[in-house]
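Reading through the structure tokens given below for one structure.
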Amino acid sequence: MTVLISGGTVIGPTGSSAMDVLIDGERIAALLEPGSTRLGSDLAATAERVIDATGKYVIPGGVDCHTHMELPFGGTYASDTFETGTRAAAWGGTTTIVDFAVQRTGERVQDGLAAWHAKAEGQCAIDYGFHQIIGGVDDDALKAMDELVAEGITSFKLFMAYPGVLYSDDGQILRAMQTAAANGAMVMMHAENGIAIDVLVHQALSRGETAPVNHGLTRPWETEEEAVHRAIMLARLTGAPLYIVHMSAKQGVATLQAHRDQGLNVFGETCPQYLYLSLEEHLAAPGFEGAKWVCSTPVRAAAEGHQHELWKYLRTNDLSVVSTDHCPFCMKEQKELGVGDFSKIPNGIGSVEHRMDLLFQGVVDGRISKERWVELCSTTPARMFGLHGRKGVIAPGADADVVVYDPKGHTSIGYGKTHHMNMDHSPWEGFEIDGHVDTVLSRGAVVIDGGEYLGSKGHGRYLKRGLSQYLL
Ligand SMILES: [Zn+2]
Ligand SMILES: [Zn+2]
């Protein structure tokens, strides 16, 4: 099938230009000057399908490199399956996810990975890859890291939080980083001092402070900044590249910035919730409502000025990627596990559907350029995790993952409005976006078209990734 997307403005990280995009089968075949006759006198007449993108943006499909479909957490499971979660992603213009296979303390790495392949295989609407969480660093796990790199799993997430479940101590982190430095893999870090946090949580509960807001109050910025610094020092010591996930404290990013300025391969990611939501307005909502916004790291106090600073760091590239950390839970029977004890609220927010729109609002609001929008949401995550050339760019030879985005459109986010994630509420209720995802193609197949879902489960393929293409 040949598709011609004509009349639009193609946006990449280095600029925007009026170009027609010719797709042949699953790949992009050519970029052409509008009305070019070089491939035939009337391409529009010979293409099997023509998509009119006049007045619209043509962007590479979103790459969300941080999702948790069906993640077991706190006695329950993240409520999106690979089927429902990737379908919601497609609705929002995301055409690739990289999810986290999990090894918990005491389990075999390969067993965790096999379980994730089994969950995803034949279920996805869009392409998917995996990072591997190493929750129990030992000799076997270190050996497994080498094996997995050869299988296209080239990034490993470690936790400085969640003692007894996923936590690594400093010696374990050091050994995993030494292994990554040798095999070329990226180390991803959940940087929060979980040992200190657990004490603060216990103390708050014993004072009778049980409401959701205490989730944020017991994870103050110092616990993030301290872990960020420690992780960077261990990375520096070992020579491993380091990617710090879901950064929310401005002080943590300032520390990251200082070490990036020294030329280290250390990178930061943030998520829409840290740019838009706050402790005061969301986590401290009346009654148990705040549970909707319990995630780790926590959404932080607007009075401390984090949100504004994080936008700045997106512009300076001290934060290089915006992912979602999509980890949805329903209120009923899931978040409700924490009524009367905030520490039992499953940690996570669902956003996989809304990232492209939420960040486009940053373009409309003058916080980032439209080129930076594409870079943060598509191009850099693909390069960071070894998918450059296939994903994150509109270029000949790349997979035809393309979104036609209407900058003059409108999207009302909310349950019962735009909502395809498997949740009984929207953490983004009431957000109004000055833009709209019109058409989405995944490897040349139209999956979203004019408000209709045309995709199918099983279309999405497993992506064997290469090593990071973003290192200094
Ligand atoms: Zn995390
Ligand atoms: Zn996560």
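Each reported figure results from applying straightforward, stated rules to the coordinates on display, with no laboratory input. Keep in mind that this is a model prediction, so the values were computed, not measured. With ideal geometry, Cβ positions are generated from the backbone for all residues, glycine too; neighbour counts draw on all protein chains shown.
Taking Cα atoms of the chain, Rg/Rh with Kirkwood Rh, to two decimals? Please report the intermediate quantities before stating the final value.
Values: Rg = 21.4 Å, Rh = 22.3 Å.
My calculation puts Rg/Rh at 0.96.
With r as the distance between the Cβ atoms of residue 41 and residue 230 and R0 = 51 Å, compute the FRET efficiency 1/(1 + (r/R0)^6) and round to 0.05. Don't skip to the answer; put the middle values down first.
Details: r = 64 Å, r/R0 = 1.25.
Once rounded, the FRET efficiency stands at 0.20.
Where in the chain is the longest stretch that carries no trypsin sites (Lys or Arg not before Pro) classed as loop by DSSP and with at most 13 other Cβ atoms within 10 Å?
Values: sites that count: 38, 108, 207, 332, 408, 417.
The longest uninterrupted stretch comes out as 208-331.
Relative contact order for the chain: what percent, with Cα pairs under 8 Å and sequence separation of 6 or more?
Working: 1158 pairs, mean separation 102.6, N = 472.
The value is 22 percent.
Can you give me the angle between helix 139-150 and the longest principal axis of the chain, using Cα atoms only, in degrees from 0 to 90, rounded to the nearest 10?
Value to nearest ten degrees: 10.
Please list the radius of gyration and Dmax for the stretch 153-208, considering alpha-carbon atoms only, with Å as the unit.
Every Cα atom of the stretch 153-208 included, Rg and Dmax give 14.2, 48 Å.
Mean 1/r over all different Cα pairs, inverted: what Kirkwood radius does the stretch 198-312 give, in Å? Show your work: numbers first, answer last.
Working: mean 1/r = 0.0671 Å⁻¹.
Taking the inverse mean of 1/r over all distinct Cα pairs, the stretch 198-312 comes out at 14.9 Å.
Structure shown: which of 391/457; 250/344; 370/464; 119/157; 119/464; 312/370 lie over 24 Å apart, alpha-carbon to alpha-carbon? Working shown, then result.
Values: 391/457 20 Å; 250/344 27 Å; 370/464 29 Å; 119/157 19 Å; 119/464 17 Å; 312/370 15 Å.
Correct reply: 250/344; 370/464.
Per-residue ellipticity at 222 nm for the chain, helices alone: DSSP H runs ≥ 4 residues times -39500 (n - 2.57), over residue total, nearest 500 deg cm²/dmol? Numbers along the way, then the final one.
On the way: 14 runs with 134 residues, N = 472.
When only DSSP H runs of four or more count, the value is -8000 deg cm²/dmol.
In the stretch 365-381, which residues have a backbone nitrogen under 19 Å from the label point lying 7 Å from residue 317's Cα in the Cα-to-Cβ direction?
Counting backbone N atoms under 19 Å from the label point, the list is 367-381.
Can you list residues from other chains, or at least 5 along the same chain, whose modelled amide H is less than 5 Å from the amide H of residue 129?
The list, which skips near neighbours in sequence, is 97, 98, 99, 463.
Would you please state which residues of the stretch 279-296 a label at residue 200 would reach in this model, taking the label point 7 Å out along Cα→Cβ and a backbone N cut-off of under 20 Å?
279-285, 290-296
Give, as ranges by residue number, the residues of the stretch 316-334 whose backbone N falls under 20 Å from the point 7 Å along Cα→Cβ of residue 262.
317-320
At 7 Å along Cα-to-Cβ for each site, give me the label-to-label distance between residue 415 and residue 2 in nm.
In this crude spin-label approximation the distance works out to 4.9 nm.
Plugging the Kirkwood radius over Cα pairs into Stokes-Einstein for the stretch 183-225, at a temperature of 4 °C and a viscosity of 1.567 mPa s, what D comes out in µm²/s? Let's see the in-between values first.
On the way: Rh = 11.7 Å.
Estimated via Stokes-Einstein, D reaches 111 µm²/s.
For the stretch 56-113, just the Cα atoms, rotate onto the principal axes and tell me the three extents in Å, largest first.
51, 21, 15
Under 5 Å between amide H atoms, partner at least 5 residues away or on a different chain: which partners does residue 349 have, H built in plane at 1.01 Å?
It is 327, by chain and number.
Between the stretch 262-278 and the stretch 331-400, what is the C-alpha centre distance in whole Å?
Distance between centres, Cα-based: 12 Å.
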